[in-house]
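Q: Following this message is one structure expressed as structure tokens.
Please treat every number below as a calculation from the coordinates, not as lab data. Note that the coordinates shown come from a computational prediction; the quantities given were computed from them, not determined experimentally. Using ideal geometry, Cβ is built from the backbone for each residue, glycine included, and neighbour counts are taken over all protein chains shown.
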Amino acid sequence: MATGDALPLEAIVLIDVAIVLLAGAAMARCVRRLHQPPVVAEIAVGLLLGPSLLGLLPGDVPAQIFPADARPLLGAISQVGLVLFMFLAGWELDLTRLRGRGRSVGAVAALAMAVPFALGAGAAALLYSSQGTHDVGRGTFILYLATAFSITAFPVLARIIRDGGLSTTRVGTLAMACAAIGDVVAWCVLVLVVAVAGAGGTGEFFLVLTLTVAYGLVMALGVRPLLARVLLRRRGTRTDKSTLLVLIVSGVFVSSFATSWIGIHAIFGAFAFGLVMPRRRAPELHHEVEAPIEKVSTLLLPVFFVVTGLSVDVGALGASGLLALALIVGTAVLGKFAGAALPARAAGLGWREAGAFGALMNTRGLTELVILGIGRELGLISAQMFTMMVVMALLTTAMAGPLLRLLGMGGTPAATGPERPESTAGAGPSVPVAAGGRGEESDPLPGRPPR
């Protein structure tokens, strides 16, 4: 961009967004033929447009396309898409549908979280001396990385289950239930880690913790019934529909501001607002609220991947970095398969089904990148560690499709219509557990189109 200095900054940002969207659309068509979820395309584009590929060309091409002055604006755009995505992800987690699933599901979910957490903690302890930062204590570093190792990306998991035709199978049902439980636990642990890392001392930590508990009570006891009342009394006119959408989006942003002010992170506020959203009257809410927000998030989220990719330089890892990367990927895969597949086999699934369950629980996708972005922002991990964890997220997510087909459990992804990076409602209308839980238990939401 030879004339970049003469162009207004706003114009540079606009053309950057266009480049990101076009590159993402092109890559999505390619990975769809490889039976990969769209999030793999988005992560790959972020890496390709950054130092890992374009940076190898002479002239520092990434800096020419995405100049330093434009990156804060691109980051702000990506945060809007990310906040809306987290709201949809929280809304998708209908925790009431986990009731009555039996102790076996709880035990499998606990092990699917605990085993990778423990192995991740061990790997983090080995990596602290070389990858830890001076401002972060050993315990905080280990707790953060252990959480990052144990996460399963609920939204992309829902999409893979739907595309593979596993929605009504034991494997799909168990995976959705366990991922829902694990994600809630992981986010709670992450809130604690962020509070510890962001607090200036013991007194400030307890202040942040107290404000977080108070915020949770306000959301559960005040905002949730208020939202239910507003949705119950709303009218069916066009004006009321527009007003409802404005109110919901404003509530998401206010909740995000509240958690950011408390000292945890804006995305927790968006996620919490999604959790307290009513889950009935699904067809109406889908058309009036969910679909418009989903479209906006679809347009803005690819910018998040590119902003992430600009901080990733795979070529700079070196020999020691590649060894550490092998340790990280091995720990991530072993932890999820040992923590998920073996307990599933003990719970009564056959080896083939248990292997498919382990492959599903090994997906990390966008959720992992969100967690890594928080760690990078707070200085919890080094730039090299951030790069290795992003590569791990890409590899573990890309593994799921081939492994499922190898086990005879995977179908062909839907190829109709545009696809979002990670559909928070991708489980479609037939997922029986925690996916798209906007209706009654017996109602598969017949008015809701698959996405």
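Q: With all distinct Cα pairs included, what does the Kirkwood hydrodynamic radius of region 32-187 come out to in Å, to one decimal, could you say?
A: 18.7
Q: Please give the net charge around Ala121, taking every other residue with its beta carbon less than 15 angstrom from that of Ala121, where Lys and Arg add +1 and Asp and Glu add -1.
A: +2
Q: Return the Rg/Rh ratio of region 281-394 with Cα-based radii and a Kirkwood Rh.
A: Here the Rg-to-Rh quotient is 1.10.
Q: How high is the relative contact order of region 104-169, in percent, with contacts defined as C-alpha pairs under 8 Å that are six or more residues apart?
A: With pairs under 8 Å counted, the relative contact order is 37 percent.
Q: Could you check how many percent of all C-alpha pairs in region 132-205 are farther apart than 18 Å?
A: Percentage above 18 Å: 52.
Q: By count of other Cβ within 10 Å, fewest leading, how are Met277, Met113 ordered?
A: Met277, Met113
Q: Here's another thing I want to ask about it. In a shell of Cβ-Cβ distance under 13 Å around Arg352, excluding Arg352 itself, what net charge do Lys and Arg (+1) and Asp and Glu (-1) give?
A: +2
Q: Which whole-number percentage describes the relative contact order of region 292-393, with Cα contacts under 8 Å and a sequence gap of 6 or more?
A: Once normalised by length, the contact order is 37 percent.
Q: Testing the spin-label approximation: label points 7 Å from Cα along Cα→Cβ at Ala25 and Cys188. State their distance in nm.
A: Rounded to a tenth, the inter-label distance reads 4.3 nm.
Q: OK, next. Test of understanding: extend the Cα→C-beta vector of Leu217 to 7 Å, then name every residue of region 167-193 with backbone N under 15 Å from that spot.
A: In region 167-193, the label zone of Leu217 (backbone N under 15 Å from the point 7 Å along Cα→Cβ) covers no residue.
Q: Also: So, in nm, how far is label Thr169 from label Leu327 when the simple model puts each one 7 Å beyond its Cα toward the Cβ?
A: A separation of 3.6 nm, rounded to one decimal place.
Q: Most exposed first by the Cβ proxy, i.e. fewest other Cβ within 10 Å, how do Arg233, Arg159, Arg170 rank?
A: Arg233, Arg170, Arg159
Q: Could you put Ser382, Ser167, Ser297, Ser130 in order, starting from the residue whose Cβ has the fewest other Cβ atoms within 10 Å?
A: By the 10 Å Cβ count, ascending, the order reads Ser130, Ser382, Ser167, Ser297.
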